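Heads up: the structure comes next, in structure tokens.
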Amino acid sequence: MQRDPLDETGKWHRLQEGYIVRAPVPSGTTPQVALAYKVLSEGKAIYRVNTKRNPLVLRSSTAAKYKKLGKYKKGKQVIVLEQTTSTLWEVVCPDGKRGYMPAASLAFVRNTSDYADAVGAVIEGRQLRDQPFRIYRVVPELDKVTAYARHIFYDLLDNMIRKYEPLPTTTGKTVVDQIGTGCLSEHDFTFYSDLTSTAEEVVFENKNPVDCLLGSDGVIEKYGGELQRDWFDVFVVGRVGSDTNIQIRQGKNLTGIKYDVDMTDVVTRIMPTGEDKDGKVLYLPEVYIDSPNIANYPAPKWIHLAVSDCKEATKGKNKKAKSKCYTQMREAAQAEFDKELATCNLRSLIIDVIGIRRCTQYKGYGITTVWAL
């Protein structure tokens, strides 16, 4: 019997451009749950699915053409956010998904303001699942095949936003929603956000949705927030993850450590500039702002930061004194340091730990739940 040269069953033939690999990711809880908690705090009403046979479908919109976001059996409780139309209501489901259900198939249970335990009764925590990664490059050799893949989220690189210019009063949440619905090609992604921040001079024109979110002058840069992806759910929220208070100790559960230092994008000194009343470049009296960690490096690492909306004006409705420009430039530089703290001032650690079941000091105990990092 002739054997495949690379593996026994010939799985390497499946490593082709466009195919999807499902792979595990670090443990975490989907932000959908956190978003649903916020909804509950607003005092909405709880209803239950009241179908006779088939599960009730959660729709992506009230339009005739919609995506099916999920299916929920009879008895499942949901939170009604708004009685959007006479036939379809906007709801949040037990797994945190948000969409529309037929009003006729929902039965009233109670108001959340009447029950302190409503949060635990309706919203279920959900760990991030194995994630899909689409193969975009394959390099075959005589004795191996190397495949390169990226999260399915990056399928949005092939889409396009024609033009979207949010008002200065528009919140980040609305901007994220509009990016999701404003794509020229249909897609299967659902966008979620809880950002309440606003920004000025934001324009997305002839850009793909990934650049609109993560690129220069994108949502993350302009409105703040963090990105998390869970299959076709895209979250741009104020905070991803939480402090678990988990301890890792040498001699206990630490089995290996890798210390990875990359100083490519480190910045320790920012020179912000604006524009004076004559249209010339305006510098700070002190010229630059230093990071509090600048002494940790052998030499300053400079960047120039143009503060586009910082313009001196001596008259008119946009009058702005030079001193106010200076304050704005300093704040912009500090905000940049704060935003880039994770990459500019911290190193990354990759650690290997053993599960508590394998620690000898716990061998006499029965363990029903183990939380992994």
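The values are calculated or read from the model by the stated rules, or taken from the named source; none is laboratory data. Predicted, not measured: the structure shown is a model, and the values here were computed from it. When we count neighbours, we look across all protein chains shown, and the Cβ atoms used for this are built from the backbone with ideal geometry, even at glycine.
Test of understanding: among VAL39, VAL33, which residue is in a helix (DSSP H, G or I) and either modelled with pLDDT of 80 or more or in contact with a Gly (Cβ under 9 Å, 6 or more places away or on another chain) (or both)? Quick ask: steps written out before the conclusion?
On the way: VAL39 fails: either modelled with pLDDT of 80 or more or in contact with a Gly (Cβ under 9 Å, 6 or more places away or on another chain) (or both).
Going through VAL39, VAL33 in turn, just one is in a helix (DSSP H, G or I) and either modelled with pLDDT of 80 or more or in contact with a Gly (Cβ under 9 Å, 6 or more places away or on another chain) (or both): VAL33.
The number of residues in segment 179-200 that are part of a strand (DSSP E or B) and free of Cβ contacts under 8 Å to residues at least 60 places away in the same chain comes to 3.
Restricting segment 293-312 to residues that are touching a Ser or Thr at 6+ places or on another chain (Cβ under 9 Å) and not aliphatic (A, V, I, L, M), which is surrounded by the most Cβ atoms within 10 Å (Cβ to Cβ)? By that ranking, first place goes to CYS310. A single member of VAL210, VAL219, VAL203, VAL176 is closer than 30 Å to GLN334 by Cβ, surrounded by fewer than 16 Cβ atoms within 10 Å (Cβ to Cβ) and either of a type in the set (Lys, Arg) or in contact (Cβ under 8 Å) with a residue 40 or more places away in the chain (or both), and it is VAL203. Within segment 71-87, being β-branched (Val, Ile, Thr) and under 15 Å from LYS97 (Cα atoms) holds for VAL78, ILE79, VAL80. For segment 94-104, filtering for residues that are buried (at least 18 other Cβ atoms within 10 Å of the Cβ) and over 14 Å from TYR192 (Cα atoms) leaves 3.
Looking only at residues in segment 203-262 that are hydroxyl-bearing (Ser, Thr, Tyr) and at pLDDT 60 or above, the one that is nearest to LEU305 (Cα to Cα) is SER216. Restricting attention to segment 225-237, the residues being buried (at least 17 other Cβ atoms within 10 Å of the Cβ) and not in a strand (DSSP E or B) number 2. Select from segment 181-200 the residues that are under 24 Å from LYS65 (Cβ atoms), hydroxyl-bearing (Ser, Thr, Tyr) and loosely packed, with under 15 Cβ neighbours inside 10 Å and list them in ascending order. THR181, SER185, listed by residue number.
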